[in-house]
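Working notes for the structure below.
The values are calculated or read from the model by the stated rules, or taken from the named source; none is laboratory data. Computed from a predicted structure; not experimentally measured. With ideal geometry, Cβ positions are generated from the backbone for all residues, glycine too; neighbour counts draw on all protein chains shown. With ligands, DNA and RNA removed, areas are computed over all heavy atoms of the protein, side chains included. Shrake-Rupley method; radii C 1.70, N 1.55, O 1.52, S 1.80 Å.
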Amino acid sequence: MTLSASAPATTTRPVITAWSAVSPYGIGKDSFVAGVLAGQDTSAPLDSGQWAAPDSHACLIPGFELREVLGKKGTRSMDRVTGLAVTAVRDLLRDSGDRRTASDEETALVLGTTTGSAQSMMDFTRASLEGDKPFYVDPSLMPNAVMNCAAGQCAIWHNLKGPNTTIAGGRVAGLSALSYAAGLLASGRARTVLSGAAEEFSNARAWLDHHRRGEDGADALLGEGCAMFMLESADPADAADRALAEVLAVQSRVYFDDDPGEALAACVDGVLRRGGVDRDDVWAVSTSAPAGNAGTREREVLTARFGAQVLDRAPSMNAVGDTAAASAAFQIGSLLAAAEQSAVPAGAVALVSSVDDNGVVACAALRLSAR
């Protein structure tokens, strides 16, 4: 049994006009593009003096120290996932020439996440349990324990006064955020939307993941990062001229057993139908490749529909590890990177597939702009 959800139909589809990434390849889009196209391995041993995680290796962002990246002001109590999001939004606005509309109230932000910062939540709870009294906690840490802290801090740091939304969706969070962003543009609630997803590496997340893994995910490496995209309506001619990709459709479904195959197949068919494209129009398919059976079934379903060659055109994201909520956003970034470096046929469509073993699948269809 499956249930479905999709973005609202629009007469004018949104376009991606700029993007940024903070990833295990480094800080900035250029580092991401170079690393993902080279298939660079980002796994590295964990420093036992800094981390107390159950794994010996992870895919971390090199040199990401909050005070060095963002400065000392306002970062004393900032947690890692918030720092990742604030940095990615900073780079996005800078690289786009800060093309905000006349009013910052017309610029929205939508951020996908798993739970916010698991480390902040656990630290705050532990302080309440270990203190002489439950309310003997550091009040400056309270905002970090709230799931929408990162999105709120992005708005504060960068003066974004439009709708501010956090979507908890696990691995599909980046596509859920994209769908919500399309709805904001379609309803006129915003003229520009910054949409993306973030995930941090922490001791808390590592231990939670360690205890929930099945045997088939025992060798999984955790990664972290954030990718953000600027979405605008294609109506203004200048936005259409700057478009890197057109968002044709986004759909999601849930499944109630251990096999996501049927739900994913229906989701793929639905997103192509809603996007008004044929299977033969699909130039590349990016898979989320979760560990174990979910990843195996994802590739089987997509290979049966599009062929291995189409799947292989999309750069693999295995080298950055399991980036959880940020994974689908990184997949979009990898497709944009591939389109920049490849001879993309006119009207080529790229498909993003995301499968979460918690019972959710999602797909997005993008029409890539030839460069």
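Brief remarks on what is shown
- Output for the stretch 244-263, where each listed residue is open to solvent by 10 Å² or more (accessible area, probe 1.4 Å) and part of a loop (DSSP other than H, G, I, E, B): Leu244, Phe256, Asp257, Asp258, Asp259
- Residue within the stretch 112-123 that is modelled with pLDDT of 95 or more and assigned to a strand (DSSP E or B) present: yes
- Residues (of a type outside the set (A, V, I, L, M, F, W, C), open to solvent by less than 60 Å² (accessible area, probe 1.4 Å) and at pLDDT 95 or above) located in the stretch 18-44: Ser20, Ser23, Pro24, Tyr25, Gly26, Gly28, Lys29, Ser31, Gly35, Thr42, Ser43
- Check on Leu184, assigned to a helix (DSSP H, G or I), at pLDDT 95 or above and at negative phi: yes
- Any hit, the stretch 103-119, residues being of a type in the set (Asp, Glu), open to solvent by 70 Å² or more (accessible area, probe 1.4 Å) and more than 26 Å from Ala364 (Cα to Cα): yes
- The residue of the stretch 141-168 that is modelled with the lowest pLDDT, among those that are open to solvent by 30 Å² or more (accessible area, probe 1.4 Å), not in a loop (DSSP other than H, G, I, E, B) and not β-branched (Val, Ile, Thr), is Leu141.
- On inspection, Ala343 does not qualify as more than 22 Å from the chain's Cα centre (by Cα), at pLDDT 95 or above and either closer than 30 Å to Asp219 by Cα or not charged (D, E, K, R) (or both).
- Some residue of the stretch 308-325 being polar (S, T, N, Q), open to solvent by 20 Å² or more (accessible area, probe 1.4 Å), under 21 Å from Ala177 (Cα atoms) and touching a strand residue (DSSP E or B) at 6+ places or on another chain (Cβ under 8 Å): no
- Selection status of Ala346, aliphatic (A, V, I, L, M), under 23 Å from Arg273 (Cβ atoms) and surrounded by fewer than 22 Cβ atoms within 10 Å (Cβ to Cβ): yes
- With respect to the conditions (1) open to solvent by 10 Å² or more (accessible area, probe 1.4 Å); (2) modelled with pLDDT of 95 or more; (3) touching a helix residue (DSSP H, G or I) at 6+ places or on another chain (Cβ under 7 Å), Glu298 falls short on a single one, namely (1).
- Here Phe229 does not fit the description of being touching a Ser or Thr at 6+ places or on another chain (Cβ under 9 Å), farther than 23 Å from Ser56 by Cα and surrounded by fewer than 16 Cβ atoms within 10 Å (Cβ to Cβ).
- If the condition is being modelled with pLDDT under 95 and not aliphatic (A, V, I, L, M), then the stretch 284-295 contributes Pro290, Gly292, Asn293, Gly295.
- Meets criteria (at negative phi, in contact with a strand residue (DSSP E or B) (Cβ under 8 Å, 6 or more places away or on another chain), assigned to a helix (DSSP H, G or I) and not polar (S, T, N, Q)) for Val89: yes
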